[in-house]
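The values are calculated or read from the model by the stated rules, or taken from the named source; none is laboratory data. Note that the coordinates shown come from a computational prediction; the quantities given were computed from them, not determined experimentally. Cβ coordinates were reconstructed from backbone atoms using ideal geometry, including for glycine residues, and neighbour counts include every protein chain displayed. SASA here: full protein model, heavy atoms, side chains in, ligands and nucleic acids out. Shrake-Rupley method; radii C 1.70, N 1.55, O 1.52, S 1.80 Å.
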Amino acid sequence: MEAAQTEGSAYDQQFEICKNFLANFSRDDEHPYNRQMQEVSNRSSRRIEVSLDDIDEFNEDLAFAVSSNTKRYVEIFSKAVDDLLPDPTVELLNEDVFDVLQKHRQTSIENTDAQVPQLPATLTRRYELSFLPKSSNKSLPIRNIKAEHIGHLVTLRAMVTRVSDVKPLVSVVTYTCEPCGTETYQEVTGKGFMPVAICPMCQTQQQKNKVTMQTRGTKFVKFQEVKLQELVSCIFGNLRACRFRR
């Protein structure tokens, strides 16, 4: 119990540091991350790029933590952006699919007494957050990527041998139960997933009503597979070239 509380307090502390960085970091009297968040809010951009050089200048310990556990800090920084995202400064004339669905969900919440599941944060985000490596980082050949680098932000030195087409990769799946009208959300963290078959809300009432996947309410992200091969200059003797797929 104490370990869980300690982990929770450490997470909250890191979350506040990330928020402080995004809100207050300045370079040449400019706040680059406030500008990026405003562009996202105005829907003129869908990307937020955070430089590790900036984080290192602001807090060296935070920069080390981000480079050592990058995937976790993508989520922490994304939640910080959700909290800091300003109101639009321009009039948003064109509604997209998620605007329409959000209004429909809000209407359903107001017109029903049933418990409505909370929307996953990933479903409502209109941006993708990524980290830019430090300029001082040395690129590594594929052969030197070891188990100790798992989860770290690394820079590779390799030759691209094949690039797939850009395809949609599901991020959040939305299901609807026709008998009770409840929406169910399933967050997907890998390439594959097991679809939900039975409505969780109906299951609590000893009913087994099937759910239907709603493609329009499901969020997809861009996915592309790249195959890399070790450079000839990195191969010595009779060794075979290492290959890497991502």
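When the residues of region 211-233 are narrowed to those that are within 19 Å of residue 121 (Cβ to Cβ) and either in a loop (DSSP other than H, G, I, E, B) or touching an Asp or Glu at 6+ places or on another chain (Cβ under 6 Å) (or both), which ends up modelled with the lowest pLDDT? Among those that are within 19 Å of residue 121 (Cβ to Cβ) and either in a loop (DSSP other than H, G, I, E, B) or touching an Asp or Glu at 6+ places or on another chain (Cβ under 6 Å) (or both), it is 217. For residues that are in a loop (DSSP other than H, G, I, E, B) and closer than 19 Å to residue 186 by Cα, scanning just region 96-122, find the one that is modelled with the lowest pLDDT. Taking the candidates together, the pick is 115.
Contact map, region 134-157: first residue under 21 Å from residue 74 (Cβ atoms), second residue assigned to a loop (DSSP other than H, G, I, E, B) and open to solvent by 80 Å² or more (accessible area, probe 1.4 Å), Cβ cut-off under 8 Å, separation 6 or more or different chains; pairs are 155/138. Evaluating residue 93 against the criteria (1) among the aliphatic types (A, V, I, L, M); (2) modelled with pLDDT of 90 or more; (3) open to solvent by 80 Å² or more (accessible area, probe 1.4 Å) leaves one unmet condition, (2). Within region 170-192, being touching a strand residue (DSSP E or B) at 6+ places or on another chain (Cβ under 7 Å) and under 15 Å from residue 120 (Cβ atoms) holds for 170, 171, 172, 173, 174, 175, 183, 184, 185, 186, 187, 188. The residues listed here are 63, 80; of these, the one that is closer than 13 Å to residue 15 by Cα, among the small types (Gly, Ala, Ser) and buried (at least 19 other Cβ atoms within 10 Å of the Cβ) is 80.
So is residue 27 open to solvent by 80 Å² or more (accessible area, probe 1.4 Å) and under 16 Å from the mean Cα position of the chain (by Cα) or not? No; evaluated as a whole, the condition is false for this residue. I'd like the residue in region 164-199 that is assigned to a loop (DSSP other than H, G, I, E, B) and open to solvent by 80 Å² or more (accessible area, probe 1.4 Å) and, out of all such residues, is farthest from residue 212 (Cα to Cα). In this case the residue turns out to be 165. Candidates in region 143-163 are the residues that are in a helix (DSSP H, G or I) and within 22 Å of residue 64 (Cα to Cα); of these, the one that is most open to solvent (accessible area, probe 1.4 Å) is 148. For beta carbons closer than 6 Å, sequence separation of 6+ or different chains, a first residue in region 228-246 that is of a type in the set (Asp, Glu) and a second that is open to solvent by less than 40 Å² (accessible area, probe 1.4 Å) and in a helix (DSSP H, G or I), the qualifying pairs are 230/142.
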